[in-house]
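Colleague: This is the structure, below, for whatever I ask next.
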Amino acid sequence: MKGHPIEVLVAYGKHEVLEGDPIEGIVIAKFPTVKAAKNWYCGEAYQSVAKHRQKGATYQGLIVEGVT
């Protein structure tokens, strides 16, 4: 995350699923733009560690454009 404009809003806090399948946890990060989020996600630093994380469990990643 170093060198990227990321603000972590939620990281595996207490949660309650009201609809859908149970989840073990969630991380919500705020980026200034969709492009900044994609640059971080596609970047070499993140991808080098993500491949290990993906071998250990099933994950979903999404980008949601916020409102102003």
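Colleague: Can you pull out every residue in the stretch 10-68 that is assigned to a strand (DSSP E or B) and of a type in the set (K, R)?
Modeller: K30, the sole residue that qualifies.
Colleague: Which residues, counting only those in the stretch 37-65, are of a type outside the set (A, V, I, L, M), touching a residue at least 24 places away in the same chain (Cβ under 8 Å) and either farther than 12 Å from M1 by Cα or in contact with a Cys (Cβ under 8 Å, 6 or more places away or on another chain) (or both)?
Modeller: K38, E65
Yes/no matrix, rows are residues, columns are (1) of a type outside the set (D, E); (2) surrounded by fewer than 10 Cβ atoms within 10 Å (Cβ to Cβ); (3) modelled with pLDDT of 90 or more:
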{"residue": "E19", "(1), (2), (3)": "no, yes, yes"}
{"residue": "K30", "(1), (2), (3)": "yes, no, yes"}
{"residue": "E44", "(1), (2), (3)": "no, yes, yes"}
{"residue": "Q60", "(1), (2), (3)": "yes, yes, no"}
{"residue": "G66", "(1), (2), (3)": "yes, yes, no"}
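Colleague: Now for a separate question. From K38, K51, grab the single residue that is charged (D, E, K, R), at negative phi and surrounded by 10 or more Cβ atoms within 10 Å (Cβ to Cβ). Break it down into steps so the answer makes sense when it comes.
Modeller: Values: K51 fails: surrounded by 10 or more Cβ atoms within 10 Å (Cβ to Cβ).
Just a single option satisfies the conditions, and that option is K38.
The values are calculated or read from the model by the stated rules, or taken from the named source; none is laboratory data. Because the structure is predicted, anything quoted here is derived from the model rather than measured. Please note: Cβ atoms are built from the backbone with ideal geometry, for glycine as well, and neighbour counts cover all protein chains shown.
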